[in-house]
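Have a look at the structure below, then the notes.
The values are calculated or read from the model by the stated rules, or taken from the named source; none is laboratory data. As the structure is a computational prediction, the values presented were derived from the model and not from experiment. Ideal geometry is used to build each Cβ from the backbone, glycine not excepted, and the neighbour counts take in all protein chains shown.
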Amino acid sequence: MVNIRDLDPSASPLDYYGSELRRLREAAGLKQGQLGDIVFCTGSLIGQIETARKVPTRDFSERIDAALGTGGTFSRLLGLVLRSQLPHWFQAYAEMEARATYISSFQAQLVDGLLQTEAYARAVLAGRSEGNVDARVAARMERQRILERENPPLCWVVLSEAVLRQQIGGRDVMRNQLAHLLSLRGREWVKVQILPFETGAHAGLMGSFNLLRFEGDPDLVYTEDFVQGHMTANPQALREGSLRYDHLQAAALPVGDSAARIARVMEECYGHQPEPDGGAVA
């Protein structure tokens, strides 16, 4: 069993979170079980989080903040904790993504991580991730919080039609994922276009990539291979990425027609779901 006194708070955000939880719990004169009763969990869970053996959730952090009167300390720490659960090579990208004002994404095989449902993300990560899948899923959901900000980035995503038809996690998971994509039409700052099969050869045949734009900082282009991701501000790479993305946007269906294509694939492949405008199809 991990000895809490042997933990180094500086070792990781998770260790720091655990040490702070223990310190503030003890300062409040509460045993683990007593605090667990207050926040509706077991004392064992409190102990696991204090010893950095369990990754906390946002709900847990908010309840702990309320119980200990921390003024939101643990809710603020949680973002760092969850980001640390991302693959080490992806963490730098996630930090830059959170600062971007404009995110352009082309995805050839999967729904972009910012637009994934929890069930879809779990199916993807369970198939290709090592370690704690729950923590990885929570980290991916945490990334999506940038779209809920008061001033969110403009997120423009072009998806190959293959993404819609590649069954990840089963029919129910895919049906709900495509329904989620349709629901995003109500968000001014999120746009989804579908690159249809009938396009044929296109500018994205080399694979998926993202472009990040900032206020006052150089733009970035991000790509992944089968080992890790690569991020660069190289002007030539940015020029090439921007040109390819412009061609992909031009070849893709308009936003409204893209929603209609998503709805059609939902009906054909995964059972009936609402039309793009939210109404039911008879």
* Do you know which residues across segment 13-33 are touching a helix residue (DSSP H, G or I) at 6+ places or on another chain (Cβ under 8 Å) and not hydrophobic (A, V, I, L, M, F, W, C)? -> Pro13, Tyr16, Tyr17, Gly18, Ser19, Glu20, Arg22, Arg25, Lys31, Gln32, Gly33
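For (1) in the same structural domain as Leu125 (by TED's automatic domain parsing); (2) crowded, with 18+ Cβ neighbours inside 10 Å; (3) out of contact with any strand residue (DSSP E or B) (no Cβ under 9 Å at 6 or more places or on another chain), each residue gets a yes or a no:
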residue	(1), (2), (3)
Pro152	yes, no, no
Val157	yes, yes, no
Gln167	yes, no, yes
Gln177	yes, yes, yes
* To do: Spot the failing condition for Cys155; the list is (1) without any contact (Cβ under 8 Å) to a residue 60 or more places away in the chain; (2) assigned to a loop (DSSP other than H, G, I, E, B); (3) of a type outside the set (A, V, I, L, M); (4) closer than 24 Å to Arg244 by Cβ, and only one is missed.
  => (2)
* Asked: Got at least one residue in segment 167-186 being over 14 Å from the mean Cα position of the chain (by Cα) and β-branched (Val, Ile, Thr)?
  -> yes
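Got at least one residue in segment 214-234 being of a type in the set (S, T, N, Q), in a helix (DSSP H, G or I) and surrounded by fewer than 16 Cβ atoms within 10 Å (Cβ to Cβ)?
No, segment 214-234 has no match at all.
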* **Test: Val55 is surrounded by 20 or more Cβ atoms within 10 Å (Cβ to Cβ), within 30 Å of Gln167 (Cα to Cα) and hydrophobic (A, V, I, L, M, F, W, C)** => yes
* **When residues of segment 179-198 are limited to those that are part of a strand (DSSP E or B) and out of contact with any Phe, Trp or Tyr (no Cβ under 6 Å at 6 or more places or on another chain), the one surrounded by the fewest Cβ atoms within 10 Å (Cβ to Cβ)** => Val190
* Those residues that are of a type in the set (S, T, N, Q) and outside any helix (DSSP H, G or I), I need them from segment 55-75; list them, please. => Thr57, Thr70
* Output the residues belonging to segment 97-140 that are of a type in the set (A, V, I, L, M) and either surrounded by fewer than 17 Cβ atoms within 10 Å (Cβ to Cβ) or part of a strand (DSSP E or B) (or both). => Ala98, Ile103, Ala126, Val133
* To do: Would you please list the contacts, defined by Cβ atoms under 8 Å and residues six or more apart or on different chains, that run from a residue in segment 240-266 that is in contact (Cβ under 8 Å) with a residue 12 or more places away in the chain and within 12 Å of Leu195 (Cα to Cα) to a residue that is acidic (Asp, Glu) and part of a helix (DSSP H, G or I)?
  => Arg261/Glu161
